[in-house]
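This report refers to the structure that appears directly beneath it.
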Amino acid sequence: MEETLSITRRFGAPEPSFYPLDNIYTEATLTIPHTSRATYYRLSLPNLLCDADYCLYLDSDILVCGDVLDIFSAGILGEDWYVAWVTSPSYCEPAKNERHRKTIGVSSLQGYPNAGVILMNLAMMRKDQIQDRFMELLDERLPMQDQDVIYKACQGLMRSLPPRFNALNAYELSPSEYLRPGSCLPLAYSREEWREACENPVVIHFARKEKPWIDYSLGMASLWWEYAFEAGLGKECFFRYFDDASVVWKRLREVMLDNMRLEKRIASLQEKNEALVGMTQHGSAEAAAAKRPSMLRYLKRVVRK
């Protein structure tokens, strides 16, 4: 809580509100190993945020890279839907789609989502008492947990969002990924939608078990760390999640210092080169020629270091 408050104060953002949700969903099924029962908390949002008509739910393993308010310009506002979200490409694969459809007991699995980003029509959900339906479905012990609960409860009243609002790092964020043989992306999005997600993602989602704060070889992990350091939490995260953090941090500092020294040398070389070009342009060819041997020796010295 204090970490969140420190970040909002640092960037001048409004202070968030915190809602205690302890000791609920204690009997809820956990079938996905890297999740906790906190994943079910989103089921409480319609009644918890009783004064709000709409709510944008975001998972915690995301990067917000653009203006999330753009989601409200997607042309979906109105009263004829409960949730809007981004389709999960892997569930568009026919065999997986049919298998999961049978497992959760629905007539169609069209537009099955990744629920890390959900625009919720809270007013309509309260009107139709959807939260009561959520509670009933908990007894079915569905395999994708609360994601299945929401999908099954909201059947027929769901809307799709473009993938740039939930760009999954399970896929390489590159237009060429769309054309890769065997890619399931064309089953979920148009080529233009995927290109926009790659070039202008609003939300990048690290949806798999592997997370960038644990595995820095993941795609887009470097961007996550860049955000972490910008928020003032980079060093703390580094020491919290890496067993050999002290050794790696020391080496990282050495590399950073080496880079700073190299940048200074490059800047010095650029200044000397500009002076040399200036002398040549102003007719001081003899003076420029006299400078070249010392410049050559300087370059060799830089390379040796």
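Bear in mind that the values in this text are calculations on the coordinates, not laboratory data. Note that the structure is a prediction, hence the values are computed from the model and not measured. Positions of Cβ are backbone-derived with ideal geometry, glycine not excepted, and every protein chain shown enters the neighbour counts.
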| query | Which FRET efficiency value, to the nearest 0.05, is calculated for Arg126 and Lys209 with the Förster distance at 45 angstrom and r the Cβ-Cβ distance? | reply | 0.85
| How far apart, in nm, are the 7 Å Cα→Cβ label points at Ser44 and Tyr19? | 0.8 nm
| remark: Here the FRET efficiency for Ser183 versus Leu223, based on Cβ atoms and R0 = 30 Å and rounded to 0.05, is 0.85
| query | If you count, for each residue, the other Cβ atoms within 10 Å and average over each peptide, how do 79-88, 258-267 line up from highest to lowest? | reply | 79-88, 258-267
| Using mean Cβ contacts within 10 Å as the protection proxy, how do 63-72, 41-50 order, highest first? | 41-50, 63-72
| remark: FRET efficiency (Leu157, Glu136; Cβ distance; R0 22 Å; to 0.05) is 0.85
| task | Taking H placed 1.01 Å from N in the peptide plane, check which residues at least 5 places from Val86 or on another chain put their amide H under 5 Å from its amide H. | result | Asn114, Val117, Leu161
